[in-house]
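Undergrad: Have a look at this one.
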Amino acid sequence: MSASPVSPTPAEVTAQVLVEALPYIRRFRASTIVVKYGGNALHDAEGDPLDVFASDIVLMHSVGLRPVVVHGGGPQISAMLDRLGTVASFRDGLRVTDADTLDVVRMVLGKVNKDIVGAINTKAPVAVGISGE
């Protein structure tokens, strides 16, 4: 009988990732790194993807990178418009945003922003939310 392979522990996996990332950490230390966090990523993975994302952002910050998160929220906007009984129109794959829809977009993106900032700051108080409006 052969022994079954032993799975690495979470700590071993993390250590391996950090060893592989070290050259990039050294190269980009003190650099601003833009991270796009799409609206689909907020709910597409198992578990709590926002919690995992927040941990990654805090890790980047703690090794000397300066992450700037730019987020989306398309699925959340569509869901809110559906809940309000508003039919979104699209032209060439882009949402056509009238004044009423724009109010919903502002509200939803503000909530998404607060959710992301809150998730990061739960782990370490390093995030602030800024509207691009």
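Undergrad: With θ set to phi - 60°, apply the Karplus curve 6.51 cos²θ - 1.76 cosθ + 1.60 along region 91-102 and write out the HN-Hα couplings as whole Hz, x wherever there is a Gly or Pro.
TA: 10, 6, x, 10, 5, 8, 10, 8, 4, 5, 5, 4
Undergrad: Okay, moving on. Whenever you get a sec, compute what percent of the accessible area on the chain sits on carbon and sulfur atoms (1.4 Å probe).
TA: That fraction is 59 percent.
Undergrad: Hey, got the Cα dimensions of the chain along the principal axes, in Å, largest first?
TA: 62, 46, 30
Undergrad: Please report the equivalent ellipsoid semi-axes of region 48-105, computed as sqrt(5 x eigenvalue) of the Cα gyration tensor, largest first, in whole Å. Please list the in-between numbers first.
TA: On the way: eigenvalues 217, 33, 17 Å².
The answer is 33, 13, 9 Å, longest axis first.
Undergrad: So which residue, out of V69, V34, V58, gets the largest mean-square fluctuation from a GNM of the chain using Cα contacts under 10 Å as springs?
TA: Of V69, V34, V58, the Gaussian network model singles out V34 as fluctuating most.
Undergrad: If F53, F28, F90 are ordered by their accessible area, calculated over protein heavy atoms with a 1.4 Å probe, which sequence runs from highest to lowest?
TA: F90, F28, F53
Undergrad: While we're looking at this one, here's another question. Normalised by the number of residues in the chain, what is the relative contact order in percent for Cα pairs under 8 Å and 6+ residues apart?
TA: 24
Undergrad: Could I ask something else about it? Under a 5 Å amide H to amide H cut-off, with H placed in plane at 1.01 Å, what residues pair with Y37 once short-range neighbours are removed?
TA: Here the answer is V70, H71, G72, since their amide H atoms fall under 5 Å of that of Y37.
Undergrad: A follow-up question, please. Using each residue's phi in region 110-116, evaluate 6.51 cos²θ - 1.76 cosθ + 1.60 at θ = phi - 60° and report the 3J(HN,Hα) Karplus result to the nearest Hz, with x for Gly and Pro.
TA: x, 5, 4, 4, 5, 4, 5
Undergrad: Each residue of region 73-80 in order: what ³J(HN,Hα) in whole Hz does its phi give by Karplus 6.51 cos²θ - 1.76 cosθ + 1.60, θ = phi - 60°, with x for Gly and Pro?
TA: Calculated HN-Hα couplings, in order: x, x, x, 5, 5, 4, 4, 5 Hz.
Undergrad: While we're on this one: List the aspartates and glutamates whose alpha-carbon lies under 19 Å from that of K111, not counting same-chain residues fewer than 8 positions away?
TA: Cross-link targets: D44, D48, D51, D82, D100, D103, E133.
The values are calculated or read from the model by the stated rules, or taken from the named source; none is laboratory data. Nothing here was measured: the structure is a model prediction, and the numbers come from that model. Heavy atoms of the whole protein, side chains included, go into the accessibility calculation; ligands, DNA and RNA do not. Shrake-Rupley method; radii C 1.70, N 1.55, O 1.52, S 1.80 Å.
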